[in-house]
Amino acid sequence: MSKRVIGLSALLLIIALLGAQCPTPAGPTPMPTAESKMKVAFIYVGPVGDMGWSYAHDQGRKVMEKALPYVETTFVEAVPEGADAERVLRDLAQKGHKVIFATSFGYMDSVLAVAKDFPDVVFEHCTGYKTDKNVGIYDGRGYQGWYLAGIVAGKMTKKNVLGYVAPYPIPEVVRNMNAFTLGARSVNPQARVHMVWINAWFDPVKEREAAQALIDLGADVVARESDSAEPDKLCEEKGIYAIGYNSDSSALAPKAVLTSPIWDWSVFYTPCVKSVHDGTWKNTPYWGTMGDGIIKLAPFGPMVPDDVKALVEAKRKEIVAGTFDVFVGPIKDNTGQERVPAGKTMSDEEKLAFDWLVEGVVGEIPK
């Protein structure tokens, strides 16, 4: 063999070896394969079978995963708020999840603590108010649905006594209960709302006991912001009406449930995860509206008359169009003091910090 051939062979070998060591020129990021899908995780405060808050979030997870074929999701249910939440969040981050959704208010401080140790992971916290470079917050204006549910309750009550099973005395719950009361009194100024605080999101025993206490007070419509359908089922047993929450619970108490404010969390989850995948995510707070479709009313029960449906639909259209705000004055608190003057609309900051009860609510916010 000639030296030229040997030299050419050696040169080709060197080029091949160098090519094996040099990186491929940069180009479009390839879509994840089945083996390398983007991992997204959710933690829930209740069981996904509760037909309540956690169930609604899990339905949103499923829709998002189906819409984004490059995503693989997992969830951990019934995670207590506190030290357990931090442990679960840390474990999910260590396992390579690129986006983690923490779906309860009490997870907020745990999210912030873990996020500092995982700057390349995006954390989204539902109903919170603290952010960081890699921590966003999201929620929907549930109070819009609660106002409409209040209209239904105000028209359907015969005793003018409404009940409200209230989980925790935090601004979110106070805001929704106030909206429910304002809606009821917009069509029935004699309506009063009694509440029982249960200090739990999901506790079927406490929820049923609270509903019974409200019925004992004379309530003939009981709404609940808690997560199980036990209050709804008790109302059916007692022959009165119920307002559900989170998802449509009418199948569990078809003779009682008038309607329910319900969530479609995929409205947020799908674009949020897509933005992380595309590299366009920002920690801009999201507070979705009825116009977005994140909050809506479940179908009316057959006992709701057409004139009530028409009232609700007319007001729904105003809310969606942005021509009506639930918290526009004049609004008094339940001590008679004017809190929102006529013509003034509460700011988002004021709504997010709600710590007083509107006229028509009977009772106080626990300290």
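The values are calculated or read from the model by the stated rules, or taken from the named source; none is laboratory data. Being a predicted model, the structure only gives us computed values, none of them experimental. Cβ: placed from backbone, ideal geometry, glycine included. Neighbour counts: every protein chain shown.
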(request) Taking Q144 as meeting all but one of (1) more than 24 Å from M290 (Cβ to Cβ); (2) crowded, with 21+ Cβ neighbours inside 10 Å; (3) among the polar types (S, T, N, Q), write down the number of the exception. (result) (1)
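For the condition over 18 Å from W53 (Cα atoms), in contact with an Asp or Glu (Cβ under 8 Å, 6 or more places away or on another chain) and surrounded by fewer than 18 Cβ atoms within 10 Å (Cβ to Cβ), what is the one hit in P271, P254, P305? Break it down stepwise before answering.
On the way: P271 fails: in contact with an Asp or Glu (Cβ under 8 Å, 6 or more places away or on another chain); P305 fails: in contact with an Asp or Glu (Cβ under 8 Å, 6 or more places away or on another chain).
Of P271, P254, P305, the one residue that is over 18 Å from W53 (Cα atoms), in contact with an Asp or Glu (Cβ under 8 Å, 6 or more places away or on another chain) and surrounded by fewer than 18 Cβ atoms within 10 Å (Cβ to Cβ) is P254.
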(request) Evaluate the stretch 188-199: report whether one residue or more is among the aliphatic types (A, V, I, L, M), touching a residue at least 60 places away in the same chain (Cβ under 8 Å), surrounded by 20 or more Cβ atoms within 10 Å (Cβ to Cβ) and in a strand (DSSP E or B). (result) yes
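Filter the stretch 231-276 for residues that are assigned to a loop (DSSP other than H, G, I, E, B), in contact (Cβ under 8 Å) with a residue 24 or more places away in the chain and of a type in the set (A, V, I, L, M, F, W, C) and give the result.
Answer for the stretch 231-276, where residues must be assigned to a loop (DSSP other than H, G, I, E, B), in contact (Cβ under 8 Å) with a residue 24 or more places away in the chain and of a type in the set (A, V, I, L, M, F, W, C): I240, L252, A253, A256, W265.
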(message) Exactly one condition in (1) touching a helix residue (DSSP H, G or I) at 6+ places or on another chain (Cβ under 8 Å); (2) without any contact (Cβ under 8 Å) to a residue 60 or more places away in the chain; (3) of a type outside the set (S, T, N, Q); (4) outside the structural domain of V193 (by TED's automatic domain parsing) is false for W281; which is it?
(response) (2)
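For the stretch 72-99, name all the residues that are part of a helix (DSSP H, G or I) and either touching a strand residue (DSSP E or B) at 6+ places or on another chain (Cβ under 6 Å) or more than 18 Å from A113 (Cβ to Cβ) (or both). Show your work before the answer.
Taking the stretch 72-99 first, the residues part of a helix (DSSP H, G or I) are 83-94.
Passing the criteria: V88, L92.
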(request) Identify all residues within the stretch 259-290 that are of a type in the set (K, R) and out of contact with any Leu (no Cβ under 7 Å at 6 or more places or on another chain); write none if there are none. (result) K282
(request) Just need a number here: residues in the stretch 346-360 that are within 18 Å of the chain's Cα centre (by Cα) and in a helix (DSSP H, G or I). (result) 3
